[in-house]
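The values are calculated or read from the model by the stated rules, or taken from the named source; none is laboratory data. Small disclaimer: the values here were computed from a predicted structure and weren't measured. Here the Cβ positions follow ideal geometry from the backbone for every residue, glycine too, while neighbour counts run over all protein chains shown.
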Amino acid sequence: MATAAFEDIAETFEFLDDWEDRYRHVIELGRAMPPLDVAFKAPATKVDGCASQVWIRPVVEGAGPGAQFDFQGDSDAMIVRGLIAVLHALYSGLSVAEVGQVDAVAELGRLGLNEHLSSQRSNGVRAMVDRIRSVAAGVVAAV
């Protein structure tokens, strides 16, 4: 299950033969994201387990399993900011119930990220996915 925005990224990656081009594309995705307001760069939104500074601010509209999930994010590292943009494309607009059904490892694997990210970056991506899934699960459980 992937959003149309994520499918667009996956299609672009298919056309980019070289990993360096893909890496640049991820960075461009990060540059295109609006910055997170400094007021939200707080301990409550900081993602532990990332080598870089990472903040994810969930934005959930509605209540229960049908609530719409979105988030804002930022990082002090451009490649990580791009990875946040990729995750945003993967999850934004789904219901909180659907967020829990996304196989992030498989979807990100389609992009070949697993083979080209350092173990620290891969751990950071997992920490971001865990945070996103945790927030969504919390909304579902609050019903």
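Key figures
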| read-out | value |
| --- | --- |
| Entirely in region 79-143, the helices (runs of 4 or more DSSP H) that have 2 or more residues that are modelled with pLDDT under 90 and closer than 15 Å to GLY49 by Cα | 119-141 |
| Residue that is farthest from ALA127 (Cα to Cα), among those in region 59-82 that are of a type in the set (Gly, Ala, Ser) and surrounded by 15 or more Cβ atoms within 10 Å (Cβ to Cβ) | ALA67 |
| In region 36-78, residue nearest to the chain's Cα centre (by Cα) [restricted to those that are of a type in the set (Val, Ile, Thr) and part of a loop (DSSP other than H, G, I, E, B)] | VAL47 |
| Residues of region 38-49 that turn out to be in contact (Cβ under 8 Å) with a residue 24 or more places away in the chain and of a type outside the set (A, V, I, L, M), as a count | 4 |
| Residue count, region 8-31 (criterion: farther than 24 Å from ASP74 by Cβ and touching a residue at least 40 places away in the same chain (Cβ under 8 Å)) | 1 |
| Selection count where residues are out of contact with any Asp or Glu (no Cβ under 9 Å at 6 or more places or on another chain) and loosely packed, with under 13 Cβ neighbours inside 10 Å, scope region 1-14 | 4 |
| Tabulated pairs, region 50-63, first without any contact (Cβ under 8 Å) to a residue 12 or more places away in the chain, second surrounded by 14 or more Cβ atoms within 10 Å (Cβ to Cβ) and of a type in the set (S, T, N, Q), C-beta under 7 angstrom, 6+ apart or interchain | GLU61/GLN68; GLY62/GLN68 |
| Residue satisfying condition, being closer than 17 Å to GLY82 by Cα, at pLDDT 95 or above and either surrounded by fewer than 10 Cβ atoms within 10 Å (Cβ to Cβ) or acidic (Asp, Glu) (or both), within set GLU28, GLU20 | GLU28 |
